[in-house]
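The values are calculated or read from the model by the stated rules, or taken from the named source; none is laboratory data. Quantities reported herein were computed from a predicted structural model and do not represent experimental measurements. Glycine gets a Cβ as well: all are built from the backbone with ideal geometry, and neighbour counts include every protein chain shown. Accessible surface is based on the protein model in full, side chains and every heavy atom, while ligands, DNA and RNA are left aside. Shrake-Rupley method; radii C 1.70, N 1.55, O 1.52, S 1.80 Å.
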Amino acid sequence: MIAACSLSQRVVSKPIRWVCRPLLWRVSMASSAVVQRLEQRAQMADELIVKLKQQVGELKQCAEEREARQLTAENAQLTQEVDRLKKKLIQLEIRNGINQVPLPTSIAKASVTNEQPPAPAPKNNAPAPAENAKPAETNANKENKKEKKEGGNKKEKKEGKKKQQQPAAAVPLDVTALDLRIGRIVDVKKHPDADSLYVEQVDCGEEMPRTVVSGLVKHIPIEQMQDKVVILCCNMKPAKMRGILSQAMVMCASSPEKVELINPPAGAVPGDRVSFNGYQMSESFPPQMNPKKKIFESISPDLRTSDKGVATYKGVPFEIQGKGICKAPTMTNSLIK
């Protein structure tokens with residue numbers, strides 16, 4: 001019995017070993033292939049990481065260059081805008097009578113002279129010259145100096161008074177002193193504190209519209225005011241009318257019974273200047289009128305409509321160069337104000 005069992009064990013153990021050996025060999029081969037594959041993939045991952053880092057660096061550099069170009073372009077635009085605003089400010093200051101002082105293009109450098117020290121005086125046994133014994137100034141000399149100084153100051157004061165008394169450049173008392181321009185009413189509403197006043201926003205061809213307060217409620221319906229093209233006097237001194245600052249005046253044909261807006265010719269656009277044949281208009285806008293000098297009051301009696309309704313100054317029509325003349329709808333021989 002025992003012999004039979006041992007024989008059977010030997011017979012069974014031999015096939016098991018034959019079967020297990022190929023399996024172990026296959027497992028070891030498979031594990032080495034897996035390891036090689038993992039190592040290859042790890043190497044590929046490292047190479048991919050390096051490439052990605054390079055690409056990220058290139059993208060950062062491109063983004064920085066693009067941002068630098070954008071900032072450079074924005075700086076150039078801002079510089080142009082500053083220059084434009086400077087020019088506009090200078091024009092506004094000139095219109096308001098502010099004198100422009102040109103800035104120096106170069107600063108002169110003070111020349112410094114190298115002075116050589118005086119040669120030393122020869123030594124003598126004689127007593128030193130009377131440097132230390134300067135004679136004191138007499139009272140008479142002091143009084144003479146004071147008189148000279150006072151005389152010089154008096155002369156300077158007299159010259160200053162003469163300069164002040166010299167009259168400034170006279171503003172011409174004719175229609176060229178008026179800044180008459182075309183404007184378009186882009187918004188109009190009634191004054192919150194005055195039933196007879198309109199508050200208009202008028203495009204005069206400038207960057208911002210002007211606020212204009214007009215006493216036209218009783219004469220012209222608000223519907224006719226909206227988007228109306230009108231003539232404005234733009235160099236009146238701004239004045240508050242019931243708390244709202246008015247920056248110009250709408251020019252109208254006027255009588256005690258009736259008021260009409262002066263109509264510009266077809267094709268006139270905001271910013272067009274009104275000219276007068278025979279009167280030389282300056283290239284820049286006239287300065288703001290001083291109310292104390294009564295410039296407008298001196299000119300306005302000669303602003304009238306003709307017997308054909310044409311707006312005129314001393315018989316010369318209001319004209320927009322190349323576009324035509326200005327007229328009142330129906331009013332003739334009436335004052336314009």
Debye, to nearest 20: dipole size of the stretch 174-217, +1 on Lys, Arg Cβ, -1 on Asp, Glu Cβ: 140
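Apply the a/c threshold of 1.5 to the C-alpha gyration tensor of the stretch 217-337 and tell me whether it is rounded, prolate or oblate. Spell out each step's value before the answer.
On the way: a/c = 1.28, a/b = 1.03, b/c = 1.24.
Since a/c stays below 1.5, the shape of the stretch 217-337 is classed as rounded.
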Looking at the square roots a ≥ b ≥ c of the eigenvalues of the Cα gyration tensor of the stretch 178-270, which shape do they give, rounded for a/c under 1.5, prolate if a/b is larger than b/c, or oblate? rounded
Per-residue HN-Hα couplings for the stretch 327-337 [Karplus 6.51, -1.76, 1.60; θ = phi - 60°; Hz; x = Gly/Pro]: 9, 8, x, 9, 7, 10, 6, 10, 5, 10, 7
Any trypsin sites (Lys or Arg not before Pro) in the stretch 208-258 that lie in a DSSP loop and have at most 13 other Cβ atoms within 10 Å would be 218, 242, 258
Cα→Cβ-extended label distance, 7 Å offset, between residue 72 and residue 96, nm: 3.9
Counting only residues 5 or more apart in sequence or on a different chain, those whose built amide H sits under 5 Å from that of residue 97 are 288
Summed side-chain charge close to residue 271 - residues other than residue 271 whose Cβ falls under 12 Å, Lys, Arg +1, Asp, Glu -1: -1
Point-to-point label distance, residue 269-residue 294, nm (Cα→Cβ direction, 7 Å offset): 4.1
If ligands, DNA and RNA are left out, what is the accessible area of residue 49 with a 1.4 Å probe, given in Å² to the nearest 10? 80
Report, in whole Å, the centroid distance computed from the Cα atoms of the stretch 65-100 and the stretch 282-334. 35
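Which pairs in the list 237/314; 190/240; 88/314; 88/237; 218/240 are over 27 Å apart, alpha-carbon to alpha-carbon?
Those over the limit are 88/314.
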